[in-house]
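Derivation of every value follows stated rules applied to the coordinates shown; laboratory data play no part. The structure presented is a predicted model; accordingly, all values stated were derived computationally and were not measured. Reconstructed Cβ throughout: ideal geometry from the backbone, glycine too, with neighbour counts over all protein chains shown.
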Amino acid sequence: MTSITDETLPITPRAVRDEMIVFVIMAALLAIVPFTGLYPFFVMQALCFALLACAFNLLIGYGGLLSFGHAMFLGTAGYCSAHALKVWGLPPELGILTGIAGAFVLSIITGYISIRRQGIYFSMITLALSQLLYFVYLQTPFTHGEDGIQGIPQGRLFGFIDLSKPTTLYYVVLVGFLAGFLLIFRTINSPFGEVLKSIRENEQRAISLGYKTDQYKLLAYILSGTIAGFAGSLKVFVAQNASLTDVHWSMSGEIVLMTLVGGLGTVFGPVVGAFVIIAMQQYLAGFGQWVTVIQGVIFVACVLTFRRGVVGEIAHLFKRSL
Amino acid sequence: MPEVMTATRSPGEYSAAGTILEVRNLESWYGESHILHGMNFNVKPGEVVTLLGRNGAGKTTTLKSIMGIIGKRSGSVQFNGRELIRMTSDKIARLGIALCPEERGIFASLDVRENLLLPPVVRPGGLTLDQIFELFPNLKERLKSQGTKLSGGEQQMLAIARILRTGASFLMLDEPTEGLAPVIIQQIGHTIARLKKEGFTILLVEQNFRFASTVADRYYVVEHGKVIDGFANADLAANMDKLHTYLGV
């Protein structure tokens, strides 16, 4: 009989192969965007939100934890990066690292406080913490309150990549997005990701198999918060400002909406969801406040008619994992 | 309700030095509901001990209480001399105790391979995958199938198989034959006998005492959250009438 060990078992099941193929197609499509005439600012903004939604999805889709305060990581990293770039005059790479570090520290603190609670209590604690932070940023001098930090210099990445050129900035944001996406993809397809899925399905069973589930959940939370922070740092270079909008609870709601529209617990759903929502905001801007109403209608339609989200429904239709 | 018969042998009679599991005055609650009212029993190394009893007697709760996955418990549960009553469930698992729950607890979003490899190896001495596939050849053929797409029997095999990899030496199997075809029940019986031969200690919960009689060394009868009787397999025939009354069969 052929010996079967952990190592000789198939490590790349069909699902992962499908997802890798779609990833390559997505990367190729995004790489040709500057040649298509699409407004690069819109795509860059969508990429930042897509990474943010993917980070959020890691927590809810694979860990079963609905954070209703993910905007705090986006906003905190944005403020940290903006301050480092504008006030301290740090180069872009260190500005990004400062933002990531800010989100990392924040995720450790808030994760430690919230992770022992489940369900609605976890959501409420994360919402409360993010609102608390919102009011701190409203009062703290370094954030400039309602004015925010404006006119952030984009600078030269590693001293030679000029981020003030839109095409160059686009590719830097794209590389950042793809790197963050791959990190999440690797995580959910690792043994760590499998333990997360088992916790989402039956936490008690995972505990009784010998896992300290709180530690796994905390680690997932920190990873999610830090990647969300990376998205916030990238967004600073695109928007050249850091404002209270990014820490507001409505931003956390938008992240939930993006993930739900795209497909909760799917690999590519949050990316599609982010593009749909950002495109709506961009192209329906002429309707003013009605955009929010339209978003609400889409949310209700999504929940009532295709609960798996766009990508989730496609995956279900073709019986593929996406 | 049948009259509760006096035990021919006190459950405590089996208490002796060298037990691997010693349960004393174990009480458990689900919220306000008091389920176990002072369970007393023990298991010796290498034994297969079966808890028999009707639905709602407290058999499953006993296993959950040993594993520490119940809201509130008191009394004493000693495993190899270590007190488990204040220990968290993950630490209990790492002592080498594994529970195969009644609902099987297969993770639906993971395939057979992932379900098999998921539990952490808590100590050396677990079965290799080759040995597991020798016990359960069906699993080898269904490695890439999702947990939900397995038949009831296959799910049960997977639920047992995955705890064998961890190195746990004390297995608690909760109604492993429930809802399964006779041929699968037979296969599970062979597996338990084989595990016993290899030195595993097994605490089995069963309503089907005909199945249990093929594998068990001793029985405890549980009613209203207490052990009300206990006897060895050799005394089964002599206790059959009583057993019928206890179980209402």
### Message
Residue under question is A:VAL297, and the condition is that it be out of contact with any Pro (no Cβ under 8 Å at 6 or more places or on another chain) and within 24 Å of A:LEU59 (Cβ to Cβ); does it hold?
### Response
no
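Results for (1) among the hydroxyl-bearing types (Ser, Thr, Tyr); (2) touching a residue at least 12 places away in the same chain (Cβ under 8 Å); (3) surrounded by fewer than 22 Cβ atoms within 10 Å (Cβ to Cβ), shown as yes or no for each residue.
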residue	(1), (2), (3)
B:GLY152	no, yes, yes
B:ILE163	no, yes, no
B:PHE170	no, yes, yes
B:THR177	yes, yes, no
B:LEU203	no, yes, no
B:GLU206	no, yes, no
B:ARG210	no, no, yes
B:TYR220	yes, yes, no
### Task
Go through segment A:131-165 and give me each residue that's within 20 Å of A:ALA239 (Cβ to Cβ) and in a helix (DSSP H, G or I).
A:LEU133, A:TYR134, A:TYR137, A:LEU138, A:PHE142, A:THR143
### Task
Any chance you could count how many residues in segment B:79-94 are more than 9 Å from chain A (Cβ to nearest Cβ) and over 16 Å from the mean Cα position of the chain (by Cα)?
8
### Message
Within segment B:100-125, take every residue that is touching a Ser or Thr at 6+ places or on another chain (Cβ under 7 Å) and acidic (Asp, Glu) and give me the one that is farthest from the other protein chains (Cβ to nearest Cβ).
### Response
B:GLU102
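Residues checked against (1) assigned to a loop (DSSP other than H, G, I, E, B); (2) buried (at least 24 other Cβ atoms within 10 Å of the Cβ); (3) out of contact with any Gly (no Cβ under 6 Å at 6 or more places or on another chain):
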{"site": "A:VAL175", "(1), (2), (3)": "no, no, yes"}
{"site": "A:LEU196", "(1), (2), (3)": "no, yes, no"}
{"site": "A:ALA206", "(1), (2), (3)": "no, yes, yes"}
{"site": "A:ALA220", "(1), (2), (3)": "no, yes, no"}
{"site": "A:LEU223", "(1), (2), (3)": "no, no, yes"}
{"site": "A:GLY253", "(1), (2), (3)": "no, no, yes"}
{"site": "A:LEU257", "(1), (2), (3)": "no, no, yes"}
### Message
So in segment A:58-84, with the set limited to residues that are of a type outside the set (A, V, I, L, M, F, W, C) and touching a strand residue (DSSP E or B) at 6+ places or on another chain (Cβ under 6 Å), which one is farthest from A:PHE181 (Cα to Cα)?
### Response
A:TYR79
### Message
Residue under question is B:ALA57, and the condition is that it be hydrophobic (A, V, I, L, M, F, W, C) and facing chain A (nearest Cβ under 9 Å); does it hold?
### Response
no
### Criterion (more than 10 Å from every other protein chain (Cβ to nearest Cβ), buried (at least 19 other Cβ atoms within 10 Å of the Cβ) and under 15 Å from the mean Cα position of the chain (by Cα)) met by exactly one of B:ILE97, B:ILE66
B:ILE66
### Query
Restricting the search to segment A:144-203, which residues are of a type in the set (Gly, Ala, Ser) and within 14 Å of chain B (Cβ to nearest Cβ)?
A:SER190, A:GLY193, A:SER198
### segment B:194-243, residues that are in a helix (DSSP H, G or I) and closer than 29 Å to B:LEU127 by Cα
B:ARG194, B:LEU195, B:LYS196, B:LYS197, B:PHE209, B:ARG210, B:PHE211, B:ALA212, B:ASN233
### Task
Residue by residue through segment B:126-139, note down the ones that are at the interface with chain A (Cβ under 7 Å from one of its Cβ atoms) and out of contact with any Asp or Glu (no Cβ under 8 Å at 6 or more places or on another chain).
B:ASP130, B:PHE133
### Summary
Contact list, first residue from segment B:222-248 and within 11 Å of B:ARG54 (Cα to Cα), second anywhere and part of a helix (DSSP H, G or I) and of a type in the set (Lys, Arg), beta-carbon distance below 6 Å, six or more apart or interchain, is B:VAL222/B:LYS59
